[in-house]
Amino acid sequence: TSSRTEVESEYASLRFAVLHHELGWASSKLVGAGGLIDVYDSHSLSCGVFYGRDLIGAFRVVVGKSVDSLPSGGTIKRFGIRSVNCAELSRGMVREEYRRCGVFTALVAACVHLARAAKVDHAFATVVDSRLGRELFQKENFVPVGHPFNHSDGVIAVFKPTILLSTEFDSE
């Protein structure tokens with residue numbers, strides 16, 4: 001897992017590098033990595049993969065008492081879901097040169113473990129809609145909800161269709 005300091009320095013820098021420089025999905029008003037820290041970072045469970053001293057991939061789990069307390073709460077509610085005791089896997093990313101090496105898959109598995117350890121019943125993720133993305137999350141029993149849509153939260157605008165994925169955990 002990542003400490004608050006690592007989130008604020010290294011994870012924010014990773015987000016900025018991937019979302020702003022590489023993908024061009026961050027708002028043009030964004031002037032630095034700190035603009036990608038949000039209210040959810042203060043209470044999320046973050047995990048990362050380091051290669052040497054470099055953070056090469058990271059993800060966070062935002063735990064909430066209802067979907068209203070999740071980053072994609074509005075989207076989740078649009079699909080008619082009113083879950084309580086839930087979590088969202090959010091802002092997962094891997095540096096380009098380390099993709100297709102299993103880093104993202106390991107991060108998703110780690111996030112599912114963190115969500116289960118937090119005793120949530122339901123977990124969500126909003127991801128770019130692709131065959132590979134669906135397959136990676138399907139390994140952890142996530143299934144698509146509804147239909148693909150465009151995602152923008154004012155800071156990040158994804159220029160590809162995204163999909164909401166969902167999984168329920170048993171009580172064990």
Taking only protein heavy atoms into account and a 1.4 Å probe, give the accessible area per residue of the range 38-163 in Å². 52
Given a 1.4 Å probe and heavy atoms of the protein chains only, how would you sort Tyr98, Tyr11, largest accessible area at the top? Tyr98, Tyr11
Which aspartates and glutamates does Lys65 reach when only Cα atoms under 14 Å apart count, and residues fewer than 8 places away in its own chain are ignored? Glu88, Asp121
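Before rounding to the nearest 500, sum -39500 (n - 2.57) across all DSSP H runs of length at least 4 in the chain and divide by the residue total; then give [θ] at 222 nm in deg cm²/dmol. It would help to have the intermediate numbers written out before the result.
Working: 4 runs with 33 residues, N = 172.
The helix contribution divided over the chain gives -5000 deg cm²/dmol.
Taking the Cα centre of the chain as origin, work out the dipole magnitude from +1 charges on Lys and Arg Cβ and -1 charges on Asp and Glu Cβ, in debye rounded to 20. Provide the component values of the computation, followed by the final result.
Details: 19 positive and 19 negative charges, 48 e Å.
It works out to roughly 240 debye.
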Put +1 on the Cβ of every Lys and Arg and -1 on every Asp and Glu Cβ in the range 18-172; which of Trp25, Ile163, Ala109 then has its Cα farthest towards the positive end of the dipole? Trp25
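The values are calculated or read from the model by the stated rules, or taken from the named source; none is laboratory data. Quantities reported herein were computed from a predicted structural model and do not represent experimental measurements. For neighbour counting, all protein chains shown are included, and Cβ atoms are generated from backbone atoms with ideal geometry for every residue, glycine included. For the accessible areas, the whole protein counts, side chains as well, though only heavy atoms, and no ligand, DNA or RNA atoms are used. Shrake-Rupley method; radii C 1.70, N 1.55, O 1.52, S 1.80 Å.
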